[in-house]
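The structure appears below as structure tokens.
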Amino acid sequence: MTSGAPIKDTAAMIAGMAPVRDPEIWYFCTTDDASLAETATPHALTVFAEEEGTSLILPEVVARDLGFDLEIQMSRITLSVHSALDGVGLTAAVATALSEAHIPCNMVAAYHHDHAFVPAELADQAVQILQDLAKGNAP
């Protein structure tokens, strides 16, 4: 992963995104059971409190062991560029490129990097599309 100062320029963020596929399978899970959420939280990649309950992104083994519905196997593609929190356009460019290829995408932004979650069976295709986008080759 890249380090250093965050990049804010849209073209530089896109050119430097260097997508990396995580080999782990992830599941988007939700529960309104506070005890279950507390048990799952230490294993979660991320946790978000929503009005309907707690949403968690969990590794497959944890999601299965805790009895969550295993709806869609997701792969995480990390955009290695250290994008600025107030940068504009990276998420839109990624989501647009993937949507044009009919690849569902759930974006999660963290402090250093943005992460695209796509159905696992489409992850290799998604990485290729994002690599092409970074090289300036529109999909």
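Computed values, structure above
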{"item": "Crossing angle, helix 123-134 versus the chain [Cα axis fit, 0-90 degrees, rounded to tens]", "result": "30"}
{"item": "Rounded accessible area per residue of the chain, 1.4 Å, Å²", "result": "55"}
{"item": "Residue-averaged 222 nm ellipticity for the chain, from DSSP H runs of 4+ at -39500 (n - 2.57), nearest 500", "result": "-8500 deg cm²/dmol"}
{"item": "Computed accessible area, I72, all protein chains, 1.4 angstrom probe, square angstrom", "result": "90"}
{"item": "Taking the chain and dividing mean pair separation by its residue count, relative contact order in percent (alpha carbons under 8 Å, at least six apart)", "result": "31"}
{"item": "E121 accessible area, 1.4 Å probe, all protein chains in place, Å² to nearest 10", "result": "140"}
{"item": "Two-site FRET efficiency, A101 against T39, from Cβ-Cβ distance with R₀ of 41 Å, rounded to 0.05", "result": "0.65"}
{"item": "Residue-level accessible surface for D124, protein heavy atoms, 1.4 Å, Å²", "result": "110"}
{"item": "Whole-percent pair-distance distribution, where bins are 5 Å wide, for the alpha carbons of the chain", "result": "2, 11, 20, 20, 17, 14, 10, 5, 1, 0"}
{"item": "Pairs of Cα atoms farther than 16 Å apart, segment 32-75, %", "result": "30"}
{"item": "For M107, net neighbour charge (Lys/Arg +1, Asp/Glu -1) across residues whose Cβ lies under 12 Å away", "result": "0"}
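The values are calculated or read from the model by the stated rules, or taken from the named source; none is laboratory data. Model, not experiment: these values are computed from the prediction. Glycine also receives a Cβ, built like all others from the backbone with ideal geometry; neighbour counts cover every protein chain displayed. Keep in mind that these areas ignore ligands, DNA and RNA; they rest on the heavy atoms of the full protein, side chains included. Shrake-Rupley method; radii C 1.70, N 1.55, O 1.52, S 1.80 Å.
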